[in-house]
Structure formats: C-alpha cells, structure tokens
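The numbers here are math on the coordinates, done by the rules we state, and not lab data. This is a predicted model, so every value here is computed, not measured. Reconstructed Cβ throughout: ideal geometry from the backbone, glycine too, with neighbour counts over all protein chains shown.
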Amino acid sequence: MRKLIRRAVSGALAVCMAAAMTLPAAAAPARDDGPVAHYDMSHTGAVLTDVSGNGHDAALTGTTDGSFSGGSWHMQADSYATLPGGLLTGESFTVQAVAATTTNAAHWLFTIGDGFGSWNEKNVGNYIFVNPSASEKGGNFLAAIKAGTGSAWKEQRMPAASTGLSKVQGYAAVTLVGENGQLRLYMDGELISTLQHGVPLSEILPDTGITGYIGRSLYTADPLLTANLADLKIWDRALSEEEVRQQAPTAQQLADLFMADLTAAALGDNRSADAVTGDLSLPASLYGVSLAWGASSNPEVLGDDGTVTRPMETDASASLPVQFTLNGVQYSRTLAVTVKGVDVQAELEAAAEQLAIPGADDVRGNITLPETVGIVSVEWQTDRPDIVNVDPIPAAVEGYDDAPAGVVTRPEADTAVTLTATLSLAGQSVQKEIRLRVKAAPEALSDEDFTDYFFAYFAGEGYADGEQLYFAASQDGMNWTDLNDNKPVLTSTLGEQGVRDPFILRSAEGDRFYMIATDLKIYGNGDWSGAQSNGSQALMIWESDDLVNWSDQRMVTVSAEIGAGCTWAPEATYDPLTGEYIVYWASRTPQIDRVHRIYYAKTRDFYTFTEPKLWIEYDQSSIDTTIIEEDGVYYRYTKNEGSSTNELGAKTKTVFIETADSLLGEWTHIPSDSLNANQWVEGPAIFRLNQDDRSAGEYCLLVDNYGGGGYYPLVTDDLSGGVFARPSVSYKMPSRARHGTPMRITAEEYSLVMQQWGGQTVDTSALAAELEAADALVQADYTADSWQQLEAARTAARAVLNDADATAAQVSAAREALSAAVGALVKAPAATPTPAPTAQPTAEPTVQPTAAPTAQPTPEPTARPTATPAPEPSPDVTAQPTAAPEPVLPATGDSAPLALCAALTAAGAAGALAVRRRSRR
C-alpha cells in the first residue's frame with residue numbers, strides 16, 4: 001500500500017468526516033439487535049473506544065495520535081488492537097470492517113481466536129480470519145477457519161474470491177457472517193464466497209479473556225496489517241443478506257473517506273489543514289486512482305503545485321480543487337487550508353532551537369553548515385577559521401558543485417571551536433553559538449598498516465534473525481571466522497525491523513566507521529513485490545570509532561523525493577573534491593515504471609542528505625553498485641538485474657564494470673568476458689588485499705551466488721583490464737553470508753574485534769597505562785570543571801579494570817573516554833602574585849589614583865537566543881591572531897588522508913553555499 005504520511009487533519013475536517021461516516025446508511029435495527037461493539041476509530045491513548053454504548057473498548061498496541069489522521073486508523077504493519085472477551089456468546093456472529101489497502105501480504109484484517117504460534121509446528125490457537133489482500137492469492141481475499149493442533153490441526157479455507165481490497169478503488173466494506181457451521185464473505189454487501197465447515201463457534205472462541213484481534217495474525221511470522229481502517233462493527237448474531245447490504249457504506253461515504261485520506265496525504269508535514277506552515281505534497285494518485293488538481297484560489301500563498309509561501313504575521317486562506325473517479329462515479333472536491341502567518345520572533349527562536357550540528361562534542365570530519373532553517377536564513381562565523389571554515393570552496397573540476405562550507409582541518413590536539421550562527425528573517429535576527437570539540441588528527445594510515453579484514457553481512461530471509469547484521473574476521477581475506485558465535489551483533493528496532501545489504505566504510509580521516517543498510521524484512525511474508533513498490537525510503541545507520549562500540553541505530557529518509565518504492569543496497573564513497581560522501585542505492589519508482597535505477601545523495605555526517613539524483617540508468621534494471629578507487633581512478637561494479645542482456649552487453653544477473661576519473665564525472669564501460677561468465681550473482685563487494693595476501697591477486701571481488709553456494713571470490717591484479725578469475729588458493733566464506741562488505745583493518749582493530757566476539761582474552765594494558773598517566777596529572781594545574789570530567793573518566797576506567805568480566809568494548813570505551821577527558825583539560829589561569837607588605841610604614845604616602853581595570857567579562861551562553869536588529873557584516877572573531885590557512889579536504893582511500901587536494905586548497909574561500917538537506921532487500 002502507498003504508505004500515507006501520518007498527519008493529524010484539522011478538527012473541522014475530522015468532524016466532517018465523522019459526520020459523513022455515520023454508519024449504517026439505512027435505518028438501524030432495534031438496539032437489542034445492534035452491534036455489541038462498534039469502533040469508529042475514536043480513541044483515547046491506548047484505548048480504541050467502543051461507541052456502541054456496551055463498554056467493549058479494545059486495547060491498542062503500537063499506535064500514536066498520528067496513526068488516526070483523517071479519522072481512519074493508518075496501520076503500517078506497526079499496530080493492532082486486542083478485542084475484549086465476551087463479545088460473542090452463541091453460535092453466530094457478524095464482523096464488518098470498512099478499510100482500504102494496496103498492499104498484498106500475509107496480513108489479517110481481523111481475527112476471532114487467540115494463541116500465537118508457528119505454522120510449521122501447527123501449535124497456533126483456533127481461529128477464524130480474513131486476509132483482505134493475500135500475496136499468495138495475488139491480492140484476492142483469503143479467509144479460513146481452523147480447529148485443532150498438532151496432528152489434529154485442520155484449516156478450512158473459503159473458496160477463492162476473484163477480488164480483494166488491493167483491487168478496489170479506495171475503501172470497501174468487508175463483512176464476514178457465521179452461522180449454522182457456515183461462513184459467508186461479502187464485499188460492499190455482495191456475497192463473494194461461502195464455506196460450509198461444520199465447526200462450532202464455541203471451539204474457536206478462546207477462554208483467555210480475548211475475543212480476537214484487529215490487524216494481527218496468530219502466526220508469529222506474519223506481518224501486522226498494512227491498511228487504513230475507517231470502521232469496524234461486531235454483532236453477536238448473523239446479519240441477513242439484506243442487513244449486510246444496509247450496513248454497507250454508501251458511495252458518497254466511501255468518497256468522503258477517500259477524500260479524508262487524500263487530505264492527510266496532501267498535508268505532508270503540516271500539523272493540520274487549519275495550520276499549514278510548509279509545502280503540501282499533492283499526490284498524482286491514491287489507491288491507484290488518478291487525481292486531477294486544479295488552480296489555487298490564492299496563488300500568493302498556495303501554488304498550484306502545493307508550494308506554500310507564508311504571509312508575514314497574518315493568516316491566509318487558500319484552496320485547491322481536485323477531481324477523481326471512484327467505481328465509475330466522478331467526484332469534485334476541494335482541499336481548503338489556512339496558511340499560518342509568520343510570527344517572526346517565534347520563527348527565529350524555533351529555528352535557533354532546531355539548529356544543531358550532530359556530534360558537536362566529537363568532531364572528526366567535515367560538518368554540515370546549513371544556510372537555511374525553513375524560511376530562516378543562516379550565516380556563520382568561526383573563532384578558528386584555521387580549523388573550521390565557514391565559506392564554500394570553488395569547484396576544482398568543471399561541472400562540479402563547490403565544496404560546501406564546514407571543511408574541518410583537524411589540529412594536533414583536541415581543540416574547542418565556537419561557531420556563531422546569525423539567523424535572520426524579515427529584518428530581524430537572533431544569534432546562536434555552537435561549541436565544537438574538534439578531535440586531534442590521527443596518524444595517517446598507510447598500506448603497510450593494514451594487516452587483517454572485517455566483514456559485515458546479513459544471513460538471509462530464511463531465518464527469523466537472518467535479516468540482522470553479522471560480523472566475521474579474517475587474516476588473509478580468503479578464509480573467514482564467524483564472530484559472536486554466528487549470531488547477530490546489530491539488530492534493527494526501527495522501520496521494518498529487518499536490515500539487509502550492510503555496507504561499512506572507514507571515514508576519510510581514518511578513525512570513524514559508518515554502517516549503512518537496507519531497511520527491509522522479507523522473513524515471514526515473502527512479499528518481494530510489495531518490497532519493491534511499497535518498501536522503505538530510508539537508510540539504517542550506525543557509527544563506531546573502534547568497531548566494537550556502536551551508536552544507537554538511526555533511520556534517515558533519503559528517497560522520498562523521487563517517490564521510491566524501495567531503497568536497496570546503499571553504499572557510500574568519499575569524494576575529496578567536495579569533502580562529502582556520495583551515498584548511492586537502487587530504487588524502483590512505481591509511478592514511472594518497474595525498472596531499478598541507481599540514485600545518489602551527498603552527506604558529510606550521515607544525518608543530513610541532499611536531494612537524490614539519478615546516477616545510473618540503462619535499458620535493464622541496475623542494482624547493487626559498489627566502487628573502489630585506485631590512484632585517483634574509480635571503478636564501479638553494478639549488477640544487471642534485468643531479465644535480458646543490457647545495452648552494455650552485460651548478461652542478465654551478471655556484474656558489469658565502469659570507470660571514471662571523478663565520482664560525478666563521465667563513466668566509461670569496461671567490457672569483461674570473465675564477469676559475464678559469472679552469472680546468477682548479486683551483491684558484488686570489491687576490496688584491496690593486504691600486502692602479504694596478494695599472491696593470488698591484489699584485488700578481490702566477492703559475488704553472491706544467490707541460487708545456492710553463497711559468496712565466492714574473484715581476483716585480479718589489474719582493475720583497468722576487467723579480467724577476474726577464481727583464486728588459486730583455498731577460501732572459506734563466513735557461514736550463511738549474504739550481501740555484505742569486507743574491509744581492511746589494522747592489527748589493533750583486528751585484536752579488538754577478536755577480543756570482543758572471537759574468544760580472545762581481553763587486553764587491558766593500554767587502558768591501565770593511560771590511567772597511570774592520567775593519575776600523574778596535578779589537579780591544581782587545571783580548571784575545576786575540566787578536572788571534574790577527568791575524575792569521572794578515571795573512576796569509570798578503574799571500575800572497568802577492576803571488573804574481571806569486562807568486555808573489549810567496555811575497555812575500549814573507557815580508554816576513549818579517558819583520552820577525551822585528558823584532551824579536554826583546560827589549564828587553570830596563572831595566579832596574580834600578591835605584593836609583600838612593607839616592613840615599616842611610610843608616613844603620608846602619596847597615592848596616585850589609577851583607573852579601575854576594565855576587563856571584559858566573558859558572557860555566559862543564554863538559554864534563549866538574543867534578538868538583534870539585522871546585523872551589519874562583522875569580522876570573524878579569531879582566537880589566534882595569525883592568518884588562517886586555507887582548509888584542506890581529506891584525501892580518499894584506505895590510507896586517507898594521504899594527500900592534499902591541491903586545486904581546492906588553491907581555490908580559497910568564497911561566499912556561503914546553500915546546502916538544502918532532506919532519508920534491498
């Protein structure tokens with residue numbers, strides 16, 4: 001299903017929609033014959049309110065207020081409701097749900113029954129369920145009744161229906177009636193399937209105090225429901241066919257529901273239609289229904305394309321007409337909004353509050369300095385231009401963008417840098433200081449420093465925990481050792497809660513690692529079609545400074561701007577021409593066609609990304625791009641995912657090669673008969689072998705034979721020739737390894753990962769030595785605040801050293817914290833000597849009056865930004881009187897930084913560059 005953005009619709013619209021959805025449409029039966037529970041999506045907190053008056057509220061799990069935008073429950077395989085016990089007391093029942101979806105999956109709309117279990121073990125509780133759009137049925141309905149477990153397990157399915165909710169234009173009413181051992185399934189009041197089963201309802205009803213579920217299957221591997229649910233009723237009796245027709249919503253009511261969802265989608269990031277502050281997102285279609293938008297009633301504030309221009313101070317009204325056709329009936333509706341006027345001071349304060357630099361207390365690379373926060377402009381100053389520049393660097397290569405401001409030149413020692421941001425709007429401005437701690441530059445890594453290898457991968461959709469991140473290590477790049485007993489090291493708790501295709505890279509500076517991966521879980525649903533057309537538009541990201549301590553997972557959307565149906569197999573390569581990482585991935589854009597293309601965006605911090613741009617497009621689908629650089633030349637390896645040979649001559653399911661002198665330059669195809677001969681592979685991963693491991697070749701390209709056999713290596717000594725062969729030496733890949741990334745590491749890094757996950761004894765000697773050195777420092781030499789931080793780090797280090805069970809990750813973290821605390825020590829100011837009193841008083845001394853000293857106190861940072869008039873240009877406040885050298889962008893490659901980018905350093909600094917930032921299987 002197109003994942004509608006969850007946004008609250010205005011109170012007026014919600015009231016209107018609630019009024020429109022007063023079901024049933026015809027005269028209701030007597031109260032005694034009415035529903036025992038009626039859920040019109042009214043809710044309070046984690047309670048779905050029963051509006052029948054019978055008090056049968058349902059418990060919600062996984063919802064927020066935003067889940068109910070437009071009056072419907074937007075279920076994105078992330079929430080469900082538990083129906084209370086006592087709803088059904090006899091041998092007949094009726095359940096009617098009004099819902100919409102375009103997702104085909106193994107998801108259940110509603111369930112009567114309880115008791116979770118697995119399909120293979122046949123230990124699940126008894127049930128009756130309706131799947132509104134089963135993937136195994138091509139999107140048609142699937143409904144069944146099951147009784148018994150183990151050898152007595154017996155599921156009876158209703159005869160196949162020729163339709164399903166995913167084939168409906170918008171909403172439809174799904175009704176299941178049970179009586180006299182029979183199930184009858186209706187859609188919009190029309191009978192579509194009947195089953196005579198002979199199972200008493202009393203055998204199905206659980207004795208757990210639960211009647212069943214909305215949106216949840218009893219099979220633990222099945223996903224939660226992906227659909228929009230507008231209304232659900234339950235009767236403790238069987239409705240007649242006439243009553244079923246009467247209870248079905250009218251065409252007008254279905255159109256109202258469609259418009260409510262359309263409004264929620266169009267509002268985008270706006271809180272409500274009555275408080276629009278940002279651009280609208282006008283979809284071209286919804287539920288497969290084409291939309292025709294008209295001209296704005298007030299183009300000064302609302303453009304025909306949804307662009308919003310907020311007026312200063314005063315609110316303004318605007319509307320856009322839209323036409324659509326549902327089931328052969330054309331509707332003309334209006335999307336009316338109120339565009340909020342700008343409260344300039346409040347806008348400035350909010351922008352100042354929002355403005356931040358990720359990782360400001362541990363800066364190890366170039367940073368992003370935005371020129372705008374919403375409609376507020378930002379200008380930057382720095383007190384250390386020799387460390388952090390605030391001006392863009394003119395492009396050194398024709399056709400390239402300028403290198404954005406924020407290039408960091410790391411000093412010899414940890415250094416505090418203060419940036420001052422001036423935020424301006426409508427002639428008013430505020431200032432905000434952001435304090436950075438820039439870490440000392442590490443020693444540059446050379447080819448000789450790399451001795452071993454690290455591999456991050458996933459294990460496949462055939463295992464419950466297979467779509468998580470696994471690690472392996474190697475000393476020769478050919479024979480790998482599983483780490484952590486072949487169990488996941490990093491697990492996803494965000495998005496689809498499954499990750500695939502991890503890519504790990506060392507930062508250009510050499511002392512930080514980034515892990516990016518596909519947000520996708522196939523286990524339990526097998527829905528490859530939905531994964532490509534309605535999949536995630538986000539990347540999953542982790543960071544580490546030592547490979548054993550990893551940051552919290554974060555989820556960043558990168559492909560929404562192109563309407564991507566998936567964001568598969570992301571990788572990243574550092575571009576020294578702009579000091580940014582080029583992040584690239586495969587996406588299918590369903591509104592265009594079914595072809596996969598490679599897109600890219602740029603980032604410096606893996607928090608903020610530029611808007612995506614098309615990078616690789618051929619007549620067949622392209623996926624799984626990976627890149628390596630050698631002596632300033634780039635080699636790009638991509639899989640032809642198409643069903644036939646592509647225009648470059650690459651056979652289906654093979655890897656083809658291209659080369660270029662710059663990442664965003666012109667790429668030239670390198671024909672490769674050897675790679676064309678290795679068919680039915682995916683997930684290429686290219687890396688350089690270490691100096692003592694090159695007997696079989698200098699470079700290794702791993703390819704995954706996904707049909708069976710998994711990864712195997714191909715080697716070459718000449719990247720430009722495109723000739724690869726199986727190595728002459730033996731090899732052993734990690735167990736169950738699927739698409740992943742190998743990377744060269746140092747002996748120290750290898751020792752650390754083996755201590756953490758490979759069974760080696762934890763080495764605490766380096767931590768003990770650093771603690772001993774820290775203990776030798778003298779407290780009186782430093783300020784109280786900085787000494788207090790050191791004391792906390794020393795206490796933590798001692799605790800780790802005294803813990804016999806301390807892990808390598810704990811030791812490494814304690815060592816890093818101690819080193820950081822020592823580096824952050826601030827020298828105490830020298831004491832002013834007190835003059836010694838004279839031995840004998842002097843009579844009547846003449847004291848010449850002196851002016852009182854006028855030392856300027858250092859202002860404390862304020863909690864709120866200080867409003868000032870629009871500033872005159874002010875000079876940089878520089879702590880050092882010497883002129884700032886021009887910033888140097890780190891070089892690329894395993895040994896980065898090894899060289900200067902001469903053209904950039906010669907270019908100097910110029911005015912600010914706008915950096916507009918927006919997040920496979």
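Quick notes on this structure:
- Over every Cα atom in segment 270-339, the radius of gyration and the widest Cα-Cα span, Dmax, amount to 12.9, 45 Å.
- Trypsin sites (Lys or Arg not before Pro) lying in DSSP loop within segment 73-146, provided at most 16 other Cβ fall within 10 Å: 122
- Average projected area [Cα convex hull, segment 22-248], square nanometres: 11.2 nm²
- Kirkwood radius, segment 162-258, all distinct C-alpha pairs, inverse of mean reciprocal distance: 15.4 Å.
- Whole-angstrom gap from segment 525-552 to segment 34-60, using each part's C-alpha centre: 36 Å
- Distance between segment 431-461 and segment 69-122 - C-alpha centres, whole angstrom: 47 Å
- Prolate/oblate/rounded label for segment 47-178 (Cα gyration tensor, a/c 1.5): oblate
- Length-normalised contact order of segment 570-717 in % [C-alpha pairs under 8 Å, at least 6 apart]: 13 percent
- Label reach from residue 614 (point 7 Å along Cα→C-beta): in segment 565-592, amide nitrogens under 19 Å belong to 565-568, 583-592.
- Distribution of pairwise C-alpha distances over segment 760-823, 5 Å bins, in %: 3, 20, 31, 21, 13, 7, 3, 1, 0
- Length gained when the stretch residue 395-residue 240 is fully extended (0.36 nm per residue, less Cα-Cα span): 48.3 nm
- Estimated FRET transfer efficiency (residue 487, residue 792; beta-carbon r; R0 22 Å; 0.05): 0.10
- Annotation: lysines with alpha-carbon distance below 29 angstrom to residue 653 (same-chain offsets under eight excluded): 137, 521, 602, 613, 639, 732.
- Ellipticity estimate at 222 nm from DSSP helix runs (n ≥ 4, -39,500 (n - 2.57)) divided over the chain, nearest 500: -4000 deg cm²/dmol
- Where Rh is the Kirkwood radius over Cα pairs, Rg/Rh for segment 447-755: 0.92
- For the peptides 673-679, 604-610, the ranking by packing is 604-610, 673-679, with the highest mean count of neighbouring Cβ atoms within 10 Å listed first.
- Label-point separation, residue 679 to residue 305 (7 Å along Cα→Cβ), nm: 4.5 nm
- If R0 equals 30 Å, the separation of the Cβ atoms of residue 691 and residue 772 corresponds to a calculated FRET efficiency of about 0.30.
- Most to least packed among 272-284, 513-525 [average Cβ atoms within 10 Å]: 513-525, 272-284
- Computed over the Cα atoms of the chain, the ratio of the radius of gyration to the Kirkwood radius (Rg/Rh) comes to 1.02.
- Förster radius 60 Å - calculated FRET efficiency between residue 802 and residue 160, Cβ distance, rounded to 0.05: 0.35
- For segment 730-743, putting each phi into the Karplus relation 6.51 cos²θ - 1.76 cosθ + 1.60 with θ = phi - 60° gives couplings of 6, 8, 8, 7, x, 4, 6, 5, 10, 2, x, 9, x, 8 Hz, in residue order, rounded to whole numbers and with x for Gly and Pro.
- Full-stretch length increase - residue 91, residue 735 - with 0.36 nm per residue and alpha-carbon distance subtracted: 226.6 nm
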